[in-house]
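Notes to accompany the following structure.
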Amino acid sequence: MAEKGFKRKLTAILSADVEGYSRLMGEDEEATVRTLTAYREVLTTLVLQHNGKVLDSPGDNLLAEFVSVVDGVQCAVAVQKEIKARNDELPENRRMQFRIGINLGDVIQEEGRIYGDGVNIAARLEGLAEPGGICVSKTAFDHIESKLPYGYDFIGDQTVKNIAKPVGAYRVLMDPRVTVLGKPVDKKPAALQRLPILIGAVTVLVLAVAVGIWQFYVRRPSVEPASVEKMAFPLPDVPSIAVLPFVNMSGDPKQEFFSDAITENIITALSKVPRLFVISRQSTFFYKGKPVKVKQVSEEFGVQYVLEGSVQRSADRIRINAQLIDALTGHHLWAERYERDQKDLFAVQDEITMRILQAIRVKLSEGEISSAYSQYFRGRQGFDCYLKIMEASKYADRFTLEDFYVARRLLEKAISICPENPIGYVRLGWVYRLSAILDKTVPYRESLDKAKELIKKALAMDDTLADAHVLLSILYRGEKEYDKSIAEGRRAVELDPSGSNAYTFYGAALLFASRPEEAIPLLQKAIRLNPNAQSWTFVFLGHAFRNTGRLEEAVSAYKKVLKRAPDHLIAHVALTTVYSLMGREEEARAEAQEVLRINPKFSLIRFKKTALVFKDKSENDMILNAMTKALQK
């Protein structure tokens, strides 16, 4: 009969302790305590990541509980693999190995603690585990046998201290599934011991391809560490991450936009966290479809963490694999597989984002991260709207007039399905702004007015959409409403602290408002966030250097544009003016000839109207005089 006031529950219990702890303490107390403190932090982090809770951690012991046995065993496997990887870096006599026992049992709960045979059995199973190993009870095994890709050895019904009945126990092998049932392994005749080995060998062969794929995407071994000394940029003073494009495993190229959209959404969610440095989508998507090593990504972008994964969509189901790697150590911090109904996609994306932040120890304030996607794309109708918006983005990225027309039709359809969803209006506003450059059948001003109308409608629904503020900043700048442009740019950066576009166009607003000194650090931050930034970011930075008299740095910025796009007209025009200002007349004339080669109809009068829009008229005059001088024969 239960004691009055006590609450009973069924829970999965994990008990862990250090093998040979007394010996380690006897040899070197301080080193042992340091290692134990670090390893206990690893255990605590992994418990939290696997939906568990640490209840107690006296001395070298740790007690945790999980709602699911599956979560508990996955956590235990992750712990042993991470501890093994860390031990490999220590001298053999200083390595610290844990033994872990897991039981599913009925316990008494009181003030955050649990008691009873369920806990005691987990502790006894821990004693049966080998150093670096895991032992689970028969009750726990029954819940995981067909759910996890591990092997198990049945070690018999064990008589353990202070438990009335023998406890059935299994060792978790942490390898592809080969379960050995029967009597304890160490009591079998040799002939019988060989039989499961033969059966296991056949099973492993059958599963080889599947397991190989699974290991490649979810359980890769530690990777080659990156070198801080070889990084192209200094590591930021906050946690830094690059999210690689998720691989489309559906076998259908038409599903590429779906995996790309998931990657983009995770990047967008992470970029809103102020205490996190996130490399932009444009830079990481440079690696799409290319074989790449985590070490290379880390060193080229100057980041500590790399996320990679895959997506498979079939009918109404999605399967997402994701893993987070600390590139400086080569260790996998977290890996997970999600199989859900596609209507749960946004919840999965949010969960991945939260797991990343937990793994790299970035704490959030309440309400600091929220998914616009989960907010605006609920239900079947919302999901259909989401698919159309994401597919439209694929066409808009191609930057051709024909693709803009396709993107516009898809977005208009999405808006008709979900007229209360501001995301569709924002994306359509961007399409009108970009198509204004190419579509000569519609007056330029008319396209821009339509873009502004759409953006203001979106912001009336939700003022926290950074992309909308970025576009509004661009539109105000084009109308020479500099103060409004600056205000919108500042708001975009506040909402998207790792948004390369937000920094670029906030910097541009200050630049054309004749505040180039303030623009320079913003544009440099944009390039740091996006090393493969669009050409205009480098052009704006060149202009800012030029207008502050830093002419050599301006030349360098413009040349970076031409290295990517040798026929970039604006970069050649800008170099013409800078060389002329520097008195390097031959180089100025050579650049002027490049301008005329690319555009034989180039007109200084049109250039003055369209490009010389700085608030300070003296800046416009300086540039125009330099261009005029260079073009004179």
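Taken together, the values in this text are just the output of simple stated rules run on the coordinates, not laboratory data. Bear in mind that the values here come from a model prediction, so they are computed numbers and not experimental data. All Cβ positions, even for glycine, are placed from backbone atoms using ideal geometry, and neighbour counts span all protein chains on display.
Magnitude of the Cβ-charge dipole of region 7-185, K/R +1 and D/E -1, about the Cα centre, nearest 20 debye?
Once rounded to the nearest 20, the dipole reads 520 debye.
How big is region 7-185 along each principal axis, measuring the range of its Cα positions in Å and listing the largest first?
Projected onto the principal axes, the Cα atoms of region 7-185 cover 40, 40, 31 Å.
Take every Cα-Cα pair in region 471-576 and report what % of them are more than 16 Å apart.
Counting every Cα pair in region 471-576, those more than 16 Å apart make up 54 percent.
Expressed in nm to one decimal, what extension gain is obtained for the pair Gln375 and Leu401 from 0.36 nm per residue of sequence separation less their Cα-Cα distance?
6.2 nm
Return a whole-number percent for the relative contact order of region 228-359, with Cα pairs under 8 Å and 6 or more residues apart as the contact set.
Worked out over region 228-359, it gives 28 percent.
With +1 on each Lys and Arg Cβ and -1 on each Asp and Glu Cβ, how big is the dipole of region 404-509 about its Cα centre, in debye rounded to the nearest 20?
Around 360 debye, computed over region 404-509.
Pull out a ≥ b ≥ c, the square roots of the eigenvalues of the alpha-carbon gyration tensor of region 534-633, then state rounded if a/c is under 1.5, prolate if not and a/b is larger than b/c, and oblate in the remaining case.
Note, shape of region 534-633 comes out rounded.
Given a Förster radius of 60 Å and the C-beta distance between Asp384 and Ile605 as r, what FRET efficiency does 1/(1 + (r/R0)^6) yield to the nearest 0.05?
For Asp384 and Ile605, the calculated efficiency is 0.75.
Between region 555-589 and region 294-355, what is the C-alpha centre distance in whole Å?
Going from one Cα centre to the other spans 42 Å.
Write out the cysteines belonging to the chain for which the nearest other cysteine Cβ is not under 4.7 Å, or none if no such cysteine exists.
For the chain, the answer is Cys75, Cys135, because their Cβ atoms have no other cysteine Cβ under 4.7 Å.
Distance in nm between label sites at Arg550 and Asp616, each 7 Å beyond Cα in the beta-carbon direction?
1.5
Starting from the Cα gyration tensor of region 238-379, take the square roots of the eigenvalues, sort them a ≥ b ≥ c, and report rounded, prolate or oblate (rounded when a/c is under 1.5, otherwise prolate if a/b is larger than b/c, else oblate).
oblate
How would you classify region 505-560 from its alpha-carbon gyration tensor, with a ≥ b ≥ c the square roots of the eigenvalues: rounded for a/c under 1.5, else prolate if a/b is greater than b/c, otherwise oblate?
Note, shape of region 505-560 comes out oblate.
Magnitude of the Cβ-charge dipole of region 486-633, K/R +1 and D/E -1, about the Cα centre, nearest 20 debye?
With only Lys, Arg, Asp and Glu charged at Cβ, the dipole is about 340 debye.
Quick check: residue separation of Ile108 and Lys230 times 0.36 nm, minus the Cα distance between them. What number comes out in nm?
Difference between extended and current length: 38.4 nm.
Apply 1/(1 + (r/R0)^6) to the Cβ-Cβ distance of Thr159 and Ala347, taking R0 = 45 Å, and write down the FRET efficiency to the nearest 0.05.
Efficiency at R0 = 45 Å is approximately 0.50.
Could you give the distance between the Cα centres of region 590-611 and region 125-179, to the whole Å?
77
Could you pull out every residue, at least 5 positions away or on a different chain, whose amide H is within less than 5 Å of the one on Phe277? Hs are placed 1.01 Å off N in the peptide plane, and Pro or chain starts have none.
When sequence neighbours closer than 5 places are left aside, the close amide H contacts are Ser240, Ile241.
GluC sites (Glu not before Pro) within region 1-69: which are DSSP loop residues with at most 10 other Cβ atoms inside 10 Å?
Qualifying residues, ordered by number: Glu3.
Pulled fully out, how much extra length does the chain show between Thr628 and Ser146, if you take 0.36 nm times their separation in residues and subtract their Cα-Cα distance?
165.7 nm
Given bins 10 angstrom wide, list per bin the percent of all Cα-Cα distances in the chain, short to long.
It works out to 3, 13, 21, 21, 16, 11, 8, 5, 2, 0, 0, in whole percents.
Can you list the DSSP H helices in the chain whose Cα atoms extend at least 15 Å along the helix axis and whose mean Kyte-Doolittle hydropathy is 1.6 or higher?
190-217, 569-581
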